[in-house]
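Take a look at the structure set out below.
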Protein chains: 6
Amino acid sequence: MIGQSGIAVRTIRRADAAQVAALGKFGVATIHEAMGRVGLFAPYLRPIYPGAKICGPAVTIFAHPGDNWMLHVAAELLLKGDVVVLGTSSTNNDGMFGDLLATSFRARGALGLVSDAGCRDTADLKAMDFPVWARAVHAKGTIKATVGSVNTPIICAGALVNPGDVIVADDDGVVVVPKDRAGEVAVAAAAREAKEAKNRERLGSGELGLDIYGMRDNLAKAGLVYFDDEASYLKGPSV
Amino acid sequence: MIGQSGIAVRTIRRADAAQVAALGKFGVATIHEAMGRVGLFAPYLRPIYPGAKICGPAVTIFAHPGDNWMLHVAAELLLKGDVVVLGTSSTNNDGMFGDLLATSFRARGALGLVSDAGCRDTADLKAMDFPVWARAVHAKGTIKATVGSVNTPIICAGALVNPGDVIVADDDGVVVVPKDRAGEVAVAAAAREAKEAKNRERLGSGELGLDIYGMRDNLAKAGLVYFDDEASYLKGPSV
Amino acid sequence: MIGQSGIAVRTIRRADAAQVAALGKFGVATIHEAMGRVGLFAPYLRPIYPGAKICGPAVTIFAHPGDNWMLHVAAELLLKGDVVVLGTSSTNNDGMFGDLLATSFRARGALGLVSDAGCRDTADLKAMDFPVWARAVHAKGTIKATVGSVNTPIICAGALVNPGDVIVADDDGVVVVPKDRAGEVAVAAAAREAKEAKNRERLGSGELGLDIYGMRDNLAKAGLVYFDDEASYLKGPSV
Amino acid sequence: MIGQSGIAVRTIRRADAAQVAALGKFGVATIHEAMGRVGLFAPYLRPIYPGAKICGPAVTIFAHPGDNWMLHVAAELLLKGDVVVLGTSSTNNDGMFGDLLATSFRARGALGLVSDAGCRDTADLKAMDFPVWARAVHAKGTIKATVGSVNTPIICAGALVNPGDVIVADDDGVVVVPKDRAGEVAVAAAAREAKEAKNRERLGSGELGLDIYGMRDNLAKAGLVYFDDEASYLKGPSV
Amino acid sequence: MIGQSGIAVRTIRRADAAQVAALGKFGVATIHEAMGRVGLFAPYLRPIYPGAKICGPAVTIFAHPGDNWMLHVAAELLLKGDVVVLGTSSTNNDGMFGDLLATSFRARGALGLVSDAGCRDTADLKAMDFPVWARAVHAKGTIKATVGSVNTPIICAGALVNPGDVIVADDDGVVVVPKDRAGEVAVAAAAREAKEAKNRERLGSGELGLDIYGMRDNLAKAGLVYFDDEASYLKGPSV
Amino acid sequence: MIGQSGIAVRTIRRADAAQVAALGKFGVATIHEAMGRVGLFAPYLRPIYPGAKICGPAVTIFAHPGDNWMLHVAAELLLKGDVVVLGTSSTNNDGMFGDLLATSFRARGALGLVSDAGCRDTADLKAMDFPVWARAVHAKGTIKATVGSVNTPIICAGALVNPGDVIVADDDGVVVVPKDRAGEVAVAAAAREAKEAKNRERLGSGELGLDIYGMRDNLAKAGLVYFDDEASYLKGPSV
């Protein structure tokens, strides 16, 4: 159950590695569109420095406000290439993650962290190039008193994440792809990029989206009226 | 009327090009001061990457939450050197603008976008050096179902913008100069900069604002009392 | 009294210079921990550009919304190496500080500003490398009409600051060290860093925090149960 | 110009009294719809107590953060039946309005206040039944140092208000009707209410909006597919 | 999948009616505790008027920003005693629900609405005693252009809701009980209330929680030290 | 030190009882003004129901996010007539206080609670008429794992509170009066009320604040210019 504490699952079924690799070629916006416009995390999660991009299966953490104990439990259970995702039982900005845990996570193979809590040692993390998407930068220390869970379903920044789902994060934010949809989404993303490449070329040459996408009739039907200038639209529509 | 939908105005009266060029030499703070401390957009609008600065006449868009149709209409109506400004009928963080529209806008001549909504493909936009000031970075896709307007008066981030007004945006935010005031504001901004240059030199040499601006008497009249140290102010004012 | 207006204190007792220098070797997170997890400013204060780090005794300002008069008073009273800290009588994002005051502050010796208000001319400040931690970037101009105080106790972003206390600010935020604790905190910070260096090495080699910190028994006592996989935890705990 | 200070206009052209009275029969939501879904103030403006409803021509105030001087200027210029509307030059929650000004406003004939700032003495105002829509309840005192304007165009909570426009405020928030549209909007509001009354009766009898508004075909065209139950939609659409 | 559009499920498995009735005797806080401290919606959802309390199976709606079409679809699919719960594809405060839909929902048997969007006609809803928990009161009109879903899993205010789960809402907020846990949670809630009744009596007589719950030793172990007065704790602990 | 954990002080010096009683006659706004416009808590603290008003010496609590252990410690240390004030080590909305603790606090004599955290069981608290000013209504349960302090100086909602200081709370919010200033503030508040009573009478008779307070000259000096109507101010000032 979402939000259940006291559980650590050793082995999870991760998304297919080849499909994860295929998804890793695309950005968050493309994958979100290719999935049918779902899976986005709320935009209050921001990268602690610009330019990072990661893609990997989720190891999930459920934690309580001000308590980062479960991150140590997760360190043992993650595999090379994983992305750690942390949800909390209530809103919390405390600095649950810093350079020591990043050192541990990196040594164990994690690519980065997506956390619905705070992060600290951000200059060190940037120097290490260990990316974090967090809701706050805050040095506030945390305790190790209450168990949460690792590798159970969580909600992070409004998104449902099952262990092993694929997490893609870049400057635009974070998106989750359910592990069983990873293959089809990678295919759809590639198709979308191919189509966009053509449109990008046409748009770059000055051609209009109005014409490329055939919008003019629909705009008129939806009620858009063109006027030659401000004066004329105070009188009536232009022909 | 503010917020009217269904109107696209082909030709707008833009601020005088020489005056726009003159304004473009100054930053947002200087222009805001030179106008008499008006015209600022709310500070929640932030550039998606640091270091950009643009100045140009406004092509305005009025859009509905989650619907970016009008941006395509605007692409046709903008001229080289314009700045596109988008207001919405209610608060919305969706990713109304991304690299395809930026490619189109650039091809048509736009300098950048100021949007009271979300923006996506931010890494691409930075690589293109196409600046956007937005209320959120969010990959959320948008629809094309409801018409808004292009080139009607709008409110964006609390500022009233008429089509053709001058928009200046830099790291400090965004300011609008009414098109008929562009000339006088450019003159006032130059005067202010000249005056500030002198004061900057004096301040840089260690001279105090208290003396340069003659504040000491007014401070005393307004009730400021100096004490030698903490102990003495618990007893009474120093002489 | 906190929030009293009309007082300017010329001479304050500053933290010991050697102790300030010792503290300057550590980051905000380390000092916060070394003090016993106190002294942090709220995380809504953010640096206007990344990468800055300062440490120095506080010259304090109490100001009213939209009024930056007291910053000029502070310019006279600060000494080389000071950090100016500004609290307000109510929430305000106006641009109380810009490049002219930064020029003055630098000429007088200030290292930077921590302000519970807005900041402007941020591109200039970055070019000058004069760091500011602020609650907003906003070009809004301010007046000089109401006196506040300089060098009295203030609350800034939820932290109590006495004049002469040590302020440390970096990418993680801001922390205040009471002047009489500066020495012991520097010692404790050094001890913490030494200990962390050892743990960093072990963690970097792949050793787990669970083992280094001996957490396994406490986790079990606190109720954490391991399961081999999702299927098994629907049945019961693994052995 | 929006945001200009130093102007007090004695006589304004108010909306027609009969049209104001006609508008006063309708709620905010109905008028917003009748106008074509425009004119709403941002929802952060809330009534200080539930159950109040007012409608009258706007006397406008432009004020600076923490300064309520202009409210006294407005007291002289308002007429019986007016609604005072206050915008600010930057975000401010200070208690610009309390029971003394309410006593004055009531004696001069004002129906209530809509303020993009804070309000205090709220228990007294409720006892007087003098309604206020404000962005905060805050006892913070204000000064009288900087002139703003009275009866110039303002922006309040994202809405443009010209002096004499009609303001309607109730538990749902606040809406402005341009004075020259008051008559037509009252007529449209009446028509909408008549139509809604019929639909309310049908809906109240259990008839569905799907049938009353003929939505079923459009929903199907837009892609809605019905399934008998969860099991079946994992297989495919129901017939 | 969470966030999938275009699906309407006619028949859902609802929680057992007797168990729903049993849960209806308890408040949100009690049920949250009885479930093991899970299931709460984020506290930004607030009742539009105080004093309401509802309990019933969830009919779920997934809607897009500014579009309330799916509420009409839900009206047909709900049964007497249901609670409608609405999640959105991105943050939106528009007034998706008002008195007409409330009239329809009531005629069809719904007890109330929990909505991660805005609500209007709040005075009418209060007069009807049709309770709504919403993220905003906002009159903003909505469109009917894009299909979402009805009776698929949704996330509302950070909580995962499956169709047929039990929703309890009162002045404290909203909680969801998975339908298969309704019986056990009702039993646990009753046990908790019985235990609390005893403790309430003891606490009401002046007995201390410190003694009732035996906290004194644990507090001491955790490091709490008592001092007789402020002076003494500057010297050391009292005995 | 602010924010120190592990301390419980049994006996505190409370403000003089007669002075507390004297202060209790005045509202928050009056006391704030009488003190020289200081001492207010941030306006995000709101009463959980309208109409309550309390005044008493502060028993202070310093607590950690999600942990309400110290409230039980405070229950023992409070005296009849006290107001409990709770600050936290970081932002937290969890429901630290509910009807059981309210029953205990009432039995021990507390008048109410001011808390920079969440509150639950609000319908019960209203029925008991036990008032709480809180930053959120949230049912989220809390733990008892980490000691904070009782009766040490705290910061709550941006205000510094020493144990024994006087807390006044009403519909306008919360204010703290340092215990050694209680007498003088009560006198100043009475003087202010007497003066306001006279002004209220004059304002109520229709006399203007402009005349009562002699503002007309100062307004003109500050730059306010009157115009007869909109047309004339586009030409120039009226005489």
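The values are calculated or read from the model by the stated rules, or taken from the named source; none is laboratory data. Because the structure is predicted, anything quoted here is derived from the model rather than measured. Note that each Cβ is placed from the backbone with ideal geometry, even for glycine, and that neighbours are counted across all protein chains shown. SASA here: full protein model, heavy atoms, side chains in, ligands and nucleic acids out. Shrake-Rupley method; radii C 1.70, N 1.55, O 1.52, S 1.80 Å.
Among residues of the range F:194-223 that are modelled with pLDDT under 95, none has a beta-carbon under 8 Å from a residue that is open to solvent by less than 50 Å² (accessible area, probe 1.4 Å) at least six positions away or on a different chain. Just one residue in the set A:139, A:102, A:127, A:110 is hydrophobic (A, V, I, L, M, F, W, C), outside any strand (DSSP E or B) and within 14 Å of chain F (Cβ to nearest Cβ); that residue is A:139.
Where helices (runs of 4 or more DSSP H) fall wholly inside the range D:142-239, no range has 1 or more residues that are at positive phi and away from chain C (no Cβ under 14 Å). Of everything in the range A:196-219, what is open to solvent by less than 20 Å² (accessible area, probe 1.4 Å) and within 18 Å of residue B:79 (Cβ to Cβ)? Give them in sequence order. Across the range A:196-219, the qualifying residues are A:203, A:206, A:208, A:209, A:210.
In this structure, is residue E:65 over 23 Å from residue A:154 (Cβ atoms) and touching a residue at least 24 places away in the same chain (Cβ under 8 Å)?
yes
The single condition among (1) over 20 Å from the mean Cα position of the chain (by Cα); (2) closer than 22 Å to residue D:118 by Cα; (3) surrounded by fewer than 23 Cβ atoms within 10 Å (Cβ to Cβ) that residue C:148 does not meet is (3). Residue selection: residue F:170 fails the criterion of being in contact with a His (Cβ under 8 Å, 6 or more places away or on another chain), in contact (Cβ under 8 Å) with a residue 40 or more places away in the chain and surrounded by 24 or more Cβ atoms within 10 Å (Cβ to Cβ). Checking each residue in the range B:80-94 for being under 13 Å from residue B:118 (Cα atoms), assigned to a strand (DSSP E or B) and either without any contact (Cβ under 8 Å) to a residue 12 or more places away in the chain or out of contact with any Cys (no Cβ under 7 Å at 6 or more places or on another chain) (or both) picks out only B:88.
When residue A:87 is tested against (1) among the small types (Gly, Ala, Ser); (2) open to solvent by 10 Å² or more (accessible area, probe 1.4 Å); (3) under 19 Å from the mean Cα position of the chain (by Cα), only condition (2) is not met. Being in contact with a strand residue (DSSP E or B) (Cβ under 7 Å, 6 or more places away or on another chain), hydrophobic (A, V, I, L, M, F, W, C) and either open to solvent by 10 Å² or more (accessible area, probe 1.4 Å) or facing another protein chain (nearest Cβ under 9 Å) (or both) is not true of residue B:134. Of all the numbered requirements in (1) farther than 27 Å from residue A:103 by Cβ; (2) free of Cβ contacts under 8 Å to residues at least 60 places away in the same chain, residue A:29 misses one, and that requirement is (2).
Of everything listed in (1) more than 9 Å from every other protein chain (Cβ to nearest Cβ); (2) over 27 Å from residue C:36 (Cβ atoms); (3) buried (at least 24 other Cβ atoms within 10 Å of the Cβ), the single unmet condition for residue F:96 is (2). Within the range A:108-121, the set of residues being out of contact with any Leu (no Cβ under 8 Å at 6 or more places or on another chain) and open to solvent by less than 10 Å² (accessible area, probe 1.4 Å) comprises A:112, A:118. Of the helices (runs of 4 or more DSSP H) lying entirely inside the range A:1-79, those carrying at least 1 residues that are open to solvent by 20 Å² or more (accessible area, probe 1.4 Å) and more than 14 Å from chain E (Cβ to nearest Cβ) are A:17-23, A:69-77.
Looking across the range E:26-67, just one residue is under 12 Å from the mean Cα position of the chain (by Cα) and among the polar types (S, T, N, Q), and that is E:30.
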